Amino acid sequence: MSMTHDPPKAAVPALDFGAAWTYAPAPEATDHVKIKPRHELFIDGSWQAPRSGRYFDSISPSSEAKLTEVAEASEADVDAAVSAARRAYEQVWSRMKPLERGKYIYRIARRIQEKARELAVAESLDGGKPIKESRDVDIPLAAAHFFYYAGWADKLDHAFPGSNPRPLGVAGQVIPWNFPLLMAAWKIAPALACGNTVVLKPAETTPLTALMLAEIFREVDLPPGVVNIITGAGATGAALVRHPGVDKVAFTGSTAVGKQIQKSLAGSRKKLTLELGGKAANIVFADAPIDQAIEGIIGGIFFNQGHVCCAGSRLLVEESVHDLVVRKLKDRMATLRLGDPLDKNTDVGAINSRMQLEKIRELVAAGEQEGAERFSAPCPLPPRGFWFPPTIFTNVSLSHRIAREEIFGPVLSILTFRTPEEALEKANNTFYGLSAGIWTDKGAKLFWMANRLRAGVVWGNTYNKFDPTSPFGGYKESGFGREGGKAGLLPYLEVNG
Ligand code: NAP
Ligand code: MG
């Protein structure tokens, strides 16, 4: 018996992509950001101490360090803010020439641009999102929203010809913590352009940039009372939406709270728009540009820690490319950088709060218990703060909680399909309907799917792209009403039918 032996191979070191792509730390400077140790309520153009005398802390979720303390608005404060907004509406804002209103909104946009760096740092400190995101997405888009709606202020008759568009009065607006300044811009800009005045409540964990926006209102001499910013938790939001002096309620947040608000307003004359949760499907066909799709999937769920209502949290992948896509996703996940939100190289920042982290952990544990297979990026987690590694689940079925419930964290559930009809049926099999993504080489397939998906926004061969000119909003339990674009004016107007 003879045996042949291959000559011994030269030892090839395994490629360690993690090490190959490690950059030196590049933290954004913070010395240009002055955060006051205490923030009062912004009512009637000035800073007012809360009538309750109570304050709460806003911390940085990446270090758990206290950033500032913030006033807690009681019912009496809400009442003062709504009264100030009513006076400003009747005496100043609704009487002002629309062109002049537009100039104020334009000045707000310019000032946001001038203070962009400071706002971006504050956003990343207070909410934990990477500076790349706040600097390149949140703050420029917030400015763009004010610019866009400044342009509409004197053209409402052209937007809705022959229908005599009129403002509603005082808008009470409540926003969540995932895009604090951007959500404030989405709410305030169209309200002002249509001639309404505003009382806005930011989320408890991320009040900082809304308070900096209040300072901007002072700097541009916005007449007192036109926008009031009141901080507090859920009780403050509830007091605002049920205040009888509010004509219009605009809410962005969870479906559970949205339903409560809708119930509490039933039978009232108040107009309501709700932007709620989502469980978007990102659908990848075998003919898709796979590497491009991988970037879209990764960005759509892991950047911003999955704290995005339209995050592509369900991946539907055609069966024939499932293994390839999963392998490429794992390779790419190994190169994601998680850590200091202020580092310009960071891809994945901190989870916004301990409560949110616990919610993510609970749903991930449920995914494991229900038999799905978990893979988490092998990145070390910082010792302090709230962190969760980018995670994917394979072997997921539609009945699993991780396929149905909004996780609002960096967790992707992967399902497969064989035909476009099956993809469609699975994508639409959800209570939500905020957004979806389609990846394919075939335009006809893309449009066929887009027309049948029950989702407010459908992206084709891209994901999470925003523009103030295009409307955004949901189907089903993702809410109703549109923000952005010409459609975003309507919730703030009375028009003749
Ligand atoms: P949330 O608990 O519903 O809170 C949203 C806002 O409502 C916060 O300012 C909150 O105050 C306030 N609030 C809480 N209870 C209230 C009540 N009974 N009445 C009035 N206001 C009340 O939502 P979240 O957990 O902060 O935000 C995440 C959710 O928002 C996710 O479900 C996400 O999908 C959704 N979201 C949707 C969109 C969209 O455009 N569709 C955009 C972003 C986020 P505190 O925070 O101070 O408790
Ligand atoms: Mg905070």
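What fraction, in whole percent, of alpha-carbon pairs in the chain exceed 39 Å separation?
Of all Cα-Cα pairs in the chain, 25 percent lie more than 39 Å apart.
State the percentage of accessible surface on the chain attributable to carbon and sulfur atoms; use a 1.4 Å probe and exclude ligands, DNA and RNA. Could the numbers behind the result be given before it?
Numbers: 11040 of 20530 Å².
Reported share for carbon and sulfur atoms: 54 percent.
So for segment 38-275, averaging the separation of alpha carbon pairs under 8 Å that are six or more residues apart and normalising by length, what relative contact order in percent results?
Value for segment 38-275: 26 percent.
Probe 1.4 Å, all protein chains in place: accessible area of MET212 in Å², nearest 10?
So the heavy atoms of MET212 present about 30 Å² to solvent.
From the helices alone, meaning DSSP H stretches of at least four residues, give me the mean residue ellipticity at 222 nm for the chain, per-run term -39500 (n - 2.57), in deg cm²/dmol to the nearest 500. Don't skip to the end; give the middle numbers.
Numbers: 16 runs with 174 residues, N = 497.
Using -39500 (n - 2.57) per qualifying helix, the result is -10500 deg cm²/dmol.
By what distance, in whole Å, do the Cα atoms of segment 317-468 stretch along each of the three principal axes, largest value first?
49, 39, 29
Return a whole-number percent for the relative contact order of segment 281-468, with Cα pairs under 8 Å and 6 or more residues apart as the contact set.
Computed value for segment 281-468: 29 percent relative contact order.
Given the pairs LYS34/LYS129; LYS201/LYS476; LYS155/LYS476, which span a C-alpha to C-alpha distance of over 21 angstrom in this model?
Flagged as over cut-off: LYS201/LYS476; LYS155/LYS476.
PHE480 accessible area, nearest 10 Å², 1.4 Å probe?
Per-residue accessible area (PHE480): approximately 80 Å².
In square nanometres and to one decimal, what's the mean projected area of the convex hull around the Cα atoms of segment 333-417?
Answer in nm², one decimal: 6.0.
Leaving ligands, DNA and RNA out of it, rank GLU295, GLU64 by accessible area with a 1.4 Å probe, largest first. The partial results should precede the final answer.
Working: GLU295 85, GLU64 55 Å².
So the residues, ranked largest to smallest area, are GLU295, GLU64.
At q = 0.09, 0.11, 0.18, 0.20 Å⁻¹, work out log10 I(q)/I(0) for segment 131-274 with the Debye formula, treating every Cα as an identical point scatterer and leaving solvent out; two decimals please.
For segment 131-274 at q = 0.09, 0.11, 0.18, 0.20 Å⁻¹, log10 I(q)/I(0) is -0.27, -0.41, -1.10, -1.30.
To the nearest µm²/s, what D does Stokes-Einstein give for segment 27-79 at 25 °C and 0.890 mPa s, using the Kirkwood radius over alpha carbon pairs as Rh?
The diffusion coefficient I find is 195 µm²/s.
Whole-Å semi-axes of segment 63-186's equivalent ellipsoid, largest first, each the root of 5 times a Cα gyration tensor eigenvalue?
That gives 30, 21, 12 Å for the three semi-axes.
Per 0.36 nm of contour for each residue apart, how much would the distance between ARG95 and HIS32 grow if the chain were fully extended, relative to their Cα-Cα spacing?
Result: 18.8 nm gained on full extension.
Convert each backbone phi in segment 311-325 into a coupling constant with the Karplus relation 6.51 cos²θ - 1.76 cosθ + 1.60 (shift: θ = phi - 60°), then list the ³J(HN,Hα) values in order as whole Hz, x for Gly and Pro.
Taking θ as phi minus 60°, the curve returns 3, x, 8, 10, 9, 9, 10, 4, 3, 5, 10, 3, 5, 4, 5 Hz for segment 311-325.
The values are calculated or read from the model by the stated rules, or taken from the named source; none is laboratory data. If you're wondering where the values come from, they're calculated on a predicted model, not measured in any experiment. We work out accessible area using only protein heavy atoms, side chains counted, and drop any ligands, DNA or RNA first. Shrake-Rupley method; radii C 1.70, N 1.55, O 1.52, S 1.80 Å.
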